Structures are given as structure tokens and as C-alpha cells.
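One structure is given here, and the rest of the page talks about it.
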Amino acid sequence: MRILFLFFLILSPLSESKLKIEITQGSETLPKIAIVPFQNEILSGRETISSLVEANMTLFGEFNSIKKTEMLSYPNSEENFFYRDWRLLEVDYVVIGRVDNTDLTNLDINYLVFDIGLKKIILKGDISGNLNELEQISKIISNRAYQSITGLDGVFNTKLAYILNPNKNSYKIYISDIDGSNEQLLFKSLSPLMSPSWSADRKKLAYVSFERGYPEIYIQDLLTGNRSSIDTLGMSNSAPVWSPDSKYIAFVMSMSGNPDIYLYNLRNKKISRLTRHYGIDTEPAWSPNSKKLLFTSNRSGSPQIYELIVSTGRIKRVTLDGDYNARARYFPNGKDIVLVHGNDGVFHIATKNLKSRFINSISKTSLDESPTISPNGNIIIYATKKKTQGFLAGLTLNGKSKFTLPVQEGSVREPAWSPLAN
Amino acid sequence: MKNQYAALIFATFFVISCTTTVSDKVTSSDYASAESDVYVSAEKLDINLSDKIYFNFDKASLTDSSKELISEYIDFAKNAKAIRLEGHCDERGTREYNLALGEKRAIEVKNYLIIKGVSSSKIKVISYGEEKPIELGSDESSWKENRRVEISLF
């Protein structure tokens, strides 16, 4: 076995992997939002800022929007904004704005967010950029508006990494914007790829590649394309997860066929062992404070979730019910987890509070796996399957909306939601 | 996104009657991509035996009929230069757990070969988990084909 060649290239986006979010279940009871056309926003045939912001705010089914044609007025400043125009339409929040400088290389956009119920302005924002940056500008405005309304971080400029398997002997890792657009190929191989994991600074991605004939973790620098593997003396290694404090990668290594959890110290490149059991220990996941790990073990006879305190090595069983509980991830609050819950051969995405025994299934299809949580803890994207095609689906945690991210051809799996940009 | 962060700090300090004020600038970046290549394997010995050992769901233990099949391999295995055992799973359950389970299955076969006198040093164990199914359907007839260890002698 040997590597024949390895090369790097910049590729233009390929249409084969294009994901697009489609809401499959909405709700009448969502907050209603109005994005008023911004003054002077018609810029040489581009999509308008207000329609981009509207698309963002309604992307995951967290808000319902009202059509521009239903609006009674198009205010562009505090002076010509009348709360009654919006109360009549039962609108909860209104975003208005204007583009002040129509020099196309230097747009200056001011915007306001109104809370109609409270009858006050909850956000005054301005942003500058050029005509080619309208998408980014709109994402930042959307993040700001979302945060002022919900108190949660907006996730519109987060990314999604995923594995695409276009046909039997082709495996690719893509990164796209969270709405599925601007997808870029990171790596392709004739052998399987698995387990993408983001570094906290979003500059690197760790994943598993079989390119040398066995599973090995690679760390790829996203800007340069440079890749390196963790030196494990030829032993199979897998399931990498980057600690939120960027000090370690927790991963699985098999010493003589016995998979256990290990830590890779990113600074001194040393490896230390965390679990020691003849059963399967795998699927580590970091707590938000980087002090604990969830992992899956079949030490009780079936796969169950355990929690390990990294400093002391103390291990506690987390799931008690069901014959298959695996691949858990912490929510940003560190108190709730999402996992794959199997019973009688049916596998759902489920949530669980660490202190309660109850496991709450939240997905309905039968082969659901690989849940990834939005950095604000409000949305989950997971992998599922229809006939022979794998695809991604998602839902909001309040249970009101569901969506899918269909792909043209091939199977998509293992979505990994990026951290927030900082 | 430093500016955005700075703006956030700014916003935190200057809250005026619940209205937040923010100021942003846009930054964006492109990613580079890479491509791997092929690994070449040695020439496989052709033996007139089924090269697949099958397993029950979420189990790595060998059935009696599997043990019989492996026993038929012993003489060939003793004479082979290298033996590759490739563990696989069906699609049910999680991918990383299945990667570990596939390895446990291959190790079970390896241990049985060792008990029967095959030298452990020439046995290479690899798991592909659920990444390389033979059948793509989501029913027991496909799943049982996929829960397997493939034996190759070189």
C-alpha cells in the first residue's frame, strides 16, 4: 500500500452538492416579522438587502414574514414609522433601513429593529461594505436583528461541513454556508471519509480518511488546504472532536483491536489515554467548558452514553433506557444533550437533560443519525435516509418547524455545524 | 470578524433605554481544497470459498456456522503471506460506533484464526464500519449482507 500522489487545487463550486433548505412543516403561531424594503436598495439588478434578510430570518422556520405587498407603508426612518400600521397586520417585529451612500464600492447601510408589542426600537445598526458583499451584509444585519429579538446569537453566517458520497467509490467533504449556498469542496477521495469536526476558530477541520487503507484522522487547514495526520504508529484512529478551548482533539484509537478514548494535545502533539475498557468506547463529545466528555460505550452490553470528567477520569453512565443510545453531543448550556436513540431497530434523534432520566425523541423517520446543534442551541440538523439516498433534515427545538436540505444526486451525511465566527 | 466583536463590546456598554446600537464591517474568505489518491493493494489469492462471515445486529460474536467456514480457511491461511480481515456493519445505529463494531467483528475472526494456529503477525484487521455496504436497501435482506467480515488471503 502506498500513496501515489497528493495534490492541492482551488476548485470552483460544483453544482452536484448544492443543498437548499426547504421548510416541510411550519406553524401559524410563530412570531411575525416584516422586513420593509430598504430605501435605495435597488442596486444594479442584485437581490435586495431586505429580501435577503427576509430569507435569512425565515430560513429555519423560526419566524413567519409578511409579504411586501401586504404592508401598509414602507417607512425608512423613525420619523415616518407608525406602530399602528404594524399592529393592524398583527406583526411582532419590523426591520427597516436605508442605503445611504450609493457609491457602489462603499455602501453605508443604517437599519432599525422595532418591537411592536413593546412599542420601541430594540436595535439601531449600521454596516458598511460593497456591492459584491450584499449576502454577507444581509447575514450580519440578520444576525443583529435575530439577536435583538430573541436574545440568542444569530447563526446566519455559520457554516456547514458535510460528507457527500456521489457514487460508490467517491467521497467528498464540502463546506457551505448554513443555508446551503456557496458550497466549496475541501477534499475528495476514492476511499471513505467520516466525522468532520470544526476547530473553535473555524480555521481547521479534522476528519477521518481511509486513503491509506485504514481510518486515520487528518487535520486540514481550510485556507491553505494543507493536511496532516495524527501520528498513531499505524493504529486505526477515528472520531475526532476539537475541544472548545482549542487545546485538544479527543479521538478514538484502537490498540490491538480495542477502541478507547484518547486525547491529542495540539500544542506538544502528545497522546494520552482516557478510557481503558475491553468493550467499545467511541464517539467522544466535549462539554462547552472543555472539562467533560460524553462518549458511547457498550460496556453494559449495549451502546449507552457515559460522561467522563477529563481531569479525574471519573465516569458516569448517562442513559439508562433503550437498547441503543449513541453519538451524543452537548447543547451550548452544557446541561442538555442530543443523541441517537434506538429502540426495536428504529433510530430517532432525541434530547435528554443530564439530570433527568427521560429521553425525548424529536425526529420521526427511522434511520436518523449524526445530529449537529446550532451554536445558539435552537436548531438541529441531522442525517436521515429515503429509499437509498441519504439526505439532511432539521428541526427547531421548540418543535414548531421542520425542514430538509435535499441534494440533487448522491447521498449526504454527517453534517457538522460550525462554531460562531468571532 | 474582529470588528463585529468590538462592536459587540461597544454595544454592551452603551445601552440606551434598551436600544442596542451596533456597527459592522464585512469580511469574507475562500477555502482551498485538496484531493487524495489511490492506494494499491497486493495481489489477492483466489480461493474457492465464501469470503464472507456474517453477524447478527450489534453483535461481534461468531455463530457455529461461521466458525465452520473459518475452519475451512485454516490451511490456506497458514500458507498465505498475509491475511486481510475487513469488518463491516449494516447502516443501523451510528457511524463511529459501527466503525468500532466492524473492528470487533474482524478481531473475533482474527482470534479464531489464531486459536486454530494461524500466526497473528500476518493478519491485518481493518474496519470500514457502515461506509462500504454491499446492498443499499433499508431492509433485513440488505442489512444481513452488509453485516460481515471479508477475508482476503495474499
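The values are calculated or read from the model by the stated rules, or taken from the named source; none is laboratory data. A quick note: this is a predicted structure, and the numbers were derived from the prediction, not measured. Don't worry about glycine lacking a Cβ; one is built from the backbone with ideal geometry, like all the others, and counts go over all protein chains shown.
Tally the residues that are outside any loop (DSSP other than H, G, I, E, B) and more than 9 Å from chain A (Cβ to nearest Cβ), restricting the search to region B:85-107. Lay out the reasoning, then the answer.
Here is the first cut: in region B:85-107, the ones outside any loop (DSSP other than H, G, I, E, B) are B:85-88, B:95-107.
Subset that is more than 9 Å from chain A (Cβ to nearest Cβ): B:85-88, B:98, B:102, B:105.
Qualifying residue count for the region: 7.
Okay, residues lined up against (1) under 23 Å from A:Asp368 (Cα atoms); (2) under 24 Å from the mean Cα position of the chain (by Cα); (3) not assigned by TED's automatic domain parsing to the domain that holds A:Thr275:
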position: A:Ser297; (1), (2), (3): yes, no, no
position: A:Pro303; (1), (2), (3): yes, no, no
position: A:Leu308; (1), (2), (3): no, no, no
position: A:Gly313; (1), (2), (3): no, no, no
position: A:Lys335; (1), (2), (3): yes, yes, no
position: A:Val338; (1), (2), (3): yes, yes, no
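Determine, yes or no, whether A:Asn298 is at pLDDT below 95 and either buried (at least 16 other Cβ atoms within 10 Å of the Cβ) or not β-branched (Val, Ile, Thr) (or both). Write out each step before concluding.
Values: at pLDDT below 95: no; either buried (at least 16 other Cβ atoms within 10 Å of the Cβ) or not β-branched (Val, Ile, Thr) (or both): yes.
The answer is no for A:Asn298.
Between a residue in region A:127-142 that is more than 19 Å from A:Ile96 (Cβ to Cβ) and any residue that is among the small types (Gly, Ala, Ser) and surrounded by 18 or more Cβ atoms within 10 Å (Cβ to Cβ), which pairs come within a Cβ distance under 9 Å, given they are 6 or more apart or on different chains?
From residues that are more than 19 Å from A:Ile96 (Cβ to Cβ), the pairs are A:Gln136/A:Gly129.
In region B:120-138, which residues are at the interface with chain A (Cβ under 10 Å from one of its Cβ atoms) and in a helix (DSSP H, G or I)?
B:Ser120
Inspect all residues belonging to region B:61-77 and state whether any of them is among the hydrophobic types (A, V, I, L, M, F, W, C), part of a strand (DSSP E or B), more than 9 Å from chain A (Cβ to nearest Cβ) and more than 22 Å from A:Leu193 (Cβ to Cβ). Step through it out loud before you land on a result.
Of all residues in region B:61-77, those among the hydrophobic types (A, V, I, L, M, F, W, C) come to B:62, B:69-70, B:74, B:76-77.
From the residues that got through so far, the ones that are part of a strand (DSSP E or B) too are none.
Within region B:61-77, not a single residue is among the hydrophobic types (A, V, I, L, M, F, W, C), part of a strand (DSSP E or B), more than 9 Å from chain A (Cβ to nearest Cβ) and more than 22 Å from A:Leu193 (Cβ to Cβ).
Taking A:Glu307 and the conditions (1) in contact (Cβ under 8 Å) with a residue 12 or more places away in the chain; (2) over 23 Å from A:Pro419 (Cβ atoms), which numbered condition does it fall short on, given that it satisfies the others?
That leaves (2) as the condition not met.
Taking only region A:217-252 into account, find how many residues are part of a strand (DSSP E or B), over 16 Å from A:Lys203 (Cα atoms) and more than 11 Å from chain B (Cβ to nearest Cβ).
Going residue by residue through region A:217-252, those that are part of a strand (DSSP E or B) are A:217-221, A:227-229, A:237-242, A:248-252.
Subset that is over 16 Å from A:Lys203 (Cα atoms): A:217, A:229, A:237-239, A:250-252.
Next, only the ones that are more than 11 Å from chain B (Cβ to nearest Cβ) stay: A:217, A:229, A:250.
The total comes to 3.
Are there any pairs, at least 6 apart or on different chains, whose C-beta atoms fall under 7 Å, with the first in region A:166-194 and over 16 Å from A:Lys20 (Cβ atoms) and the second of a type in the set (A, V, I, L, M) and surrounded by fewer than 21 Cβ atoms within 10 Å (Cβ to Cβ), and if so, which?
Listed pairs, sorted by first residue: A:Asn169/A:Leu190; A:Ser170/A:Leu190; A:Leu185/A:Leu11; A:Leu185/A:Leu14; A:Leu190/B:Val38.
Do we find a residue being over 22 Å from A:His348 (Cβ atoms) and surrounded by 13 or more Cβ atoms within 10 Å (Cβ to Cβ) anywhere in region A:315-329?
Yes, the conditions are met somewhere in region A:315-329.
Mind listing whichever residues of region B:70-85 are surrounded by fewer than 22 Cβ atoms within 10 Å (Cβ to Cβ) and closer than 30 Å to A:Phe347 by Cβ?
none
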